Amino acid sequence: MSSRIEQLIDEIEDYIDGCKYQPLSKTNIIVNKEEIDELLRELRMKTPDEIKRYQKIITNKEAILNDARAKAEALIKDATVQTTELINEHEIMQQAYAQANEVVRMATMQAQEILNNATLEANGVRTSAMQYLDDMLANLENAMTTTLATATEHYESFYNTINSYNETVKANRAELRPVEVEQMLKEAEGDGEPAELDLM
């Protein structure tokens, strides 16, 4: 089952794929700022909740280990009780020692096995949670990088287009009255003061 963050990333990708291209362009698209802002706002709100959920999974490692320790201590305690009971019976003292040692040895082995299995399980849960969280953040990073690159490209393209139009307008205005412009420049050089050019 995918998280809400994964769903939001899919929605952003689908939204970008569904945007129309700008006229005469195969790379620039037209984006509705309110819609993309809404998706990004929800993504920012959901990210802390997802991170807390996976931190909780990692925290469960300690609960697993504590449970294993409790079981191990209970086994050792039972073994110790059995040893004490056997030792108190004088007629079977030697047998009691042998049996007690065997019980303690078996209990210790079982306790160690439980601890080893619990550690492996806890580490597995932690590794899986961290990997999933890393993958999720990597997808988020890729989506944000793509969005930033697209926005920068659109801005630069818009700026270059407007600047080109502005230069064309200036050149056209200068060409309309070249004689008047040249005369006014000469007068300005003679007076030492800049002349006002009326190109309208």
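The values are calculated or read from the model by the stated rules, or taken from the named source; none is laboratory data. For clarity, every value in this text was computed on a predicted model and none was experimentally measured. Positions of Cβ are generated from backbone atoms using ideal geometry, with glycine treated the same way; all protein chains shown enter the neighbour counts.
Residues to consider are Ala149, Ala129; find the one that is within 30 Å of Glu13 (Cβ to Cβ), out of contact with any Asp or Glu (no Cβ under 9 Å at 6 or more places or on another chain), of a type in the set (A, V, I, L, M, F, W, C) and exposed (fewer than 12 other Cβ atoms within 10 Å of the Cβ).
Every option except Ala149 fails the conditions.
Are any of the residues in segment 6-14 within 30 Å of Glu141 (Cα to Cα), in a loop (DSSP other than H, G, I, E, B) and touching a residue at least 24 places away in the same chain (Cβ under 8 Å)?
Within segment 6-14 (the criterion being within 30 Å of Glu141 (Cα to Cα), in a loop (DSSP other than H, G, I, E, B) and touching a residue at least 24 places away in the same chain (Cβ under 8 Å)), the answer is no, since none of the residues qualifies.
Of a type outside the set (Phe, Trp, Tyr), loosely packed, with under 11 Cβ neighbours inside 10 Å, within 30 Å of Ile16 (Cβ to Cβ) and at pLDDT below 80, is that true of Leu140?
no
What are the pairs with Cβ atoms under 9 angstrom where one residue, in segment 109-135, is over 24 Å from Lys77 (Cβ atoms) and in contact (Cβ under 8 Å) with a residue 12 or more places away in the chain and the other, located anywhere, is of a type in the set (Asp, Glu) and part of a helix (DSSP H, G or I)? Sequence gap at least six, or different chains.
Leu133/Glu50
Can you confirm whether Glu113 is within 30 Å of Leu140 (Cα to Cα), over 25 Å from the mean Cα position of the chain (by Cα), surrounded by 12 or more Cβ atoms within 10 Å (Cβ to Cβ) and not hydrophobic (A, V, I, L, M, F, W, C)?
It is false that Glu113 is within 30 Å of Leu140 (Cα to Cα), over 25 Å from the mean Cα position of the chain (by Cα), surrounded by 12 or more Cβ atoms within 10 Å (Cβ to Cβ) and not hydrophobic (A, V, I, L, M, F, W, C).
Which of the residues belonging to segment 71-102 are loosely packed, with under 12 Cβ neighbours inside 10 Å and modelled with pLDDT of 90 or more?
Matches in segment 71-102: none.
Being farther than 30 Å from Arg53 by Cα, part of a helix (DSSP H, G or I) and in contact with a Leu (Cβ under 8 Å, 6 or more places away or on another chain) narrows it down to one of Ala72, Ala118, Ala96, Ala79, so name that one.
Ala96
Taking the conditions exactly as written (within 30 Å of Gln22 (Cβ to Cβ), at pLDDT 85 or above and either more than 54 Å from the chain's Cα centre (by Cα) or not charged (D, E, K, R) (or both)), does Thr161 satisfy them or not?
Yes: the conditions hold for Thr161.
Regarding Arg105, is this residue loosely packed, with under 12 Cβ neighbours inside 10 Å and either at pLDDT 85 or above or not in a helix (DSSP H, G or I) (or both)?
So Arg105 passes the test.
Check Lys61, Lys56 and return the single one that is at pLDDT below 85, of a type outside the set (Gly, Ala, Ser) and surrounded by fewer than 13 Cβ atoms within 10 Å (Cβ to Cβ).
On inspection, the qualifying residue turns out to be Lys56.
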